[in-house]
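None of the figures in this text is laboratory data; all of them are computed from the coordinates on show. Everything numeric here is computed off the predicted structure, so don't read it as measured data. Ideal geometry is used to build each Cβ from the backbone, glycine not excepted, and the neighbour counts take in all protein chains shown.
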Amino acid sequence: MAKEGKGRMVICTGRGIAKAIDYCCNLLSQMVKKMEKGRRRMAREEEKGKMVIVSGNDIAEAMDYCCNLLPGDLILNILSRLPIKCLWRFRCVCKTWFNIVLSPTFISMHLRRSNNKKNNVSLFYQHCCSRFSVMSLCIDKLDTELFLPFQLSRAIAIGSSNGLVCIKTRDYDLDLILWNPATREFRHLPEPIFCEHLFYSSEFAFHHHPIIDDYQLVRFCFYYDDGGRNNIFESVLNARIEVFTLSTNSWREIGPVVMPRQNFKFNNLVPVNGSLHWMAMKFQTSSVEEFVVAFDMVEEKFRQIEVACSDCAAGQVCRSLSAFKETLAMLVLPTESNSCFDIWVLNDYGSAKESWIKLLSIGPIPIAKMPQGFWIDGDVIVNGFKHDKGAFLYDPHTKEIKNFPSCMEATFEIFCYTESLVSVRRSNKNNNVSLLHQHSYCRFSVISLCINNLDTELHLSFRVSKEAAIVGSSNGLVCIKSLSNINPNLILWNPATREFRPLPKPEIFEDHIYSSEFSFHYHSSIDDYKLVRFCFYYDDDRKPMFERVLNARIEVFTFGTNSWRETERVIMPCQYFRFNNRVSVNGSLNLMGIKIGNLIEDIVVAFDMVEEKFRQIKVACLDNANYGQICWTLTAFKDNLAMFVFPLCLTESNSCFDVWILNDYGGAEESWTKQLTIGPIPIAAAPQGFWINGEVIMKSFKHGGNVFLYDPRTQEIKNFPSYMAERCEFFRYTETLVSVKQ
């Protein structure tokens, strides 16, 4: 490789991409060392038989050249494996790397890799009379105190999620701080709505909301109906809840709630399965009853869960909640024991068969007081009885005990923490935008729909006919086809990098095909992209519709092989499909089908992308009494297959609809569960799908069918541009650097 210009020259000898990567890394290492020493020039260096020569005054230009030698997705892959400390310095290498390290796509990729590693550290906070301190607890180094860029004396850590830590003061004036220990960024959050002194207790929980891809701080303000003047056995505990969302930088209130219990153990909060969990107690005249109270962050509702080992009264055992392998667990320790305790796990979370199962028994541990939770590799965090024994780790397999630092004898709590680049200054801009493709009589256009900017037309680097359509989007790649069913043209496109390439034409070419449909997706098990074509045809077009048999020929294009292959022919379970309502979820393409017999029956037909087979799913809320009076529309909700169920004739007085979720997808217990009811909506409209932050995309029946967003929480309506009244379709899209080339 050689290039000369602008007073610099770079020469690298060698063959293959491996040497190109080695060259890039060696050059980077040299530049960082020179920058740290304050020198801006590099001299000739010979190493291992290859020559690197960089001359000139601007190292950034040389680094930009080096970046051009490798594909963008390869550079992204290499950098995502580096620790935060190195990446934070590498921002200064060149403008290209600065933009990469701070891009949302790279931050998400680095976070996924960090969460998959076993060297996730934890934080423990210690509050004593003198100061508030936070220490990083690693396996090999247990006493690294983290740098605090702010001054706090009386403070407490609320929680940690994806590398962000939320801290609040314990003084009369409430102060909330969001902090990233890895990047040392922090910010003060706005004050909550409610005053602190008006309530019996005020507690916080910090978590990442996976559905809206945002961070929330939830505040629970508890008070008794009589101000606590009556006997505690007769008092009713109420709650007012307010939620702070990081992207909107504002608080909102959830209506008052009557609590199912009378007291909570707030020092034992566990976030699992999208819910927050506490141990709670109900006081009775002769006994104290324990329960688990769960607050669902999606539905924003409380529910009650029975405790494990429920035949033991509250005074006979001590119970503590924890998370074990992303499952809610309970540690049960008898009050009069030989320091043995049991670990119970909650199976079938949220279903009718929800139950506790005893996983294992641990002990006896002679110095144990109470288990606190689980460490990184499955070790148990235990509190000691004696003053000379603070917290320690206990390995259930080897029975080895490893002490924490002596400073942890003070009040402490441990949080799971992973280093990340997530910024505390997250704006309202959401990079998970959607694409709209619109076909008019003039041309085909693609619109990028963001929350604050709804009409940004994307640049098309190629020419397509006005009848073109988007097949699908996956990991930043968009597949486009012409509307010719018999002999379509296919293009793979990355709107962010403006790269595109035509794909080979399908091999099946028959005039008698009734319909030809496509599905584009990422196949995670083989780490490749697939384009699947379904060619439907009837056995005999002359038969009546209810006697016809619909057949399918399927061919699959794999990105890695750059070729098509045909699967076996299939007889379909229905006579007709609604191809404008297809949803890719759980590794399957799901379509609404219509089976015509003595009755017209709606069904869901799922095509498994891995096994490449069809199967049939019954629709939700199927009742012969209301059949023909309701409509079904497929959508995706919280990474599950969902269905809108609404009346066939929607009016302003009857504009409510239900959202149903398919539980245990593909399993033996597969069933539809009603998740929530939305409405009434003042405009007669049909639901189309879910938007980025949980809003519903609606299409009105009036005024040419304009499209708008409806927020179920605030009842706010936000209109899309008027030209979207034409035929349109939405796709989830995220900007990436994934290359369209092989």
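Can you work out the FRET efficiency for the pair Glu612 and Asn99, with r the C-beta to C-beta distance and R0 = 56 Å, to the nearest 0.05? After rounding to 0.05, the efficiency reads 0.90.
Here each label is just a point 7 Å from Cα along the line to Cβ, and for Arg91 and Lys741 those points are 3.0 nm apart.
A protection proxy built from the mean count of other Cβ atoms within 10 Å ranks the segments 669-678, 160-169, most packed first, as 160-169, 669-678. Counted by neighbouring Cβ atoms within 10 Å, the residues Arg81, Arg533 run from fewest to most as Arg81, Arg533. Remark: spin-label model distance Asp296-Lys718 equals 2.5 nm, labels positioned 7 Å along the Cα→Cβ axis. Computed from the C-beta positions of Cys656 and Arg578 and an R0 of 22 Å, the FRET efficiency is 0.45 to the nearest 0.05.
Of Glu299, Glu290, the sequence from fewest to most neighbouring Cβ atoms within 10 angstrom is Glu299, Glu290. Listed peptides 513-521, 566-574 appear in the order 513-521, 566-574 once ranked by packing, highest mean of other Cβ atoms within 10 Å at the front. Straightening the chain between Arg542 and Lys505 buys 10.3 nm, computed as 0.36 nm per residue apart minus the Cα-Cα spacing. For the pairs Lys325/Lys358; Lys301/Lys674; Lys618/Lys674; Lys530/Lys618; Lys85/Lys741, note any where the Cα-Cα span goes beyond 21 Å. Over 21 Å Cα-Cα: Lys530/Lys618; Lys85/Lys741. Per-residue extension of 0.36 nm, minus the Cα-Cα distance of Leu82 and Ser563, leaves a gain of 169.6 nm for this segment.
Sort the following peptides by mean Cβ neighbour count (other Cβ atoms within 10 Å, averaged over residues), highest first: 86-97, 655-666, 270-281. Please report the intermediate quantities before stating the final value.
Details: 86-97: 16.8, 655-666: 18.4, 270-281: 20.2.
Going by the mean number of other Cβ atoms within 10 Å, highest first, we get 270-281, 655-666, 86-97.
Between Leu174 and Val258, the modelled labels are 2.5 nm apart [label points 7 Å from Cα along Cα→Cβ]. Using 0.36 nm per residue and subtracting the Cα-Cα separation, the extra length available between Asn598 and Ala352 on full extension is 85.1 nm.
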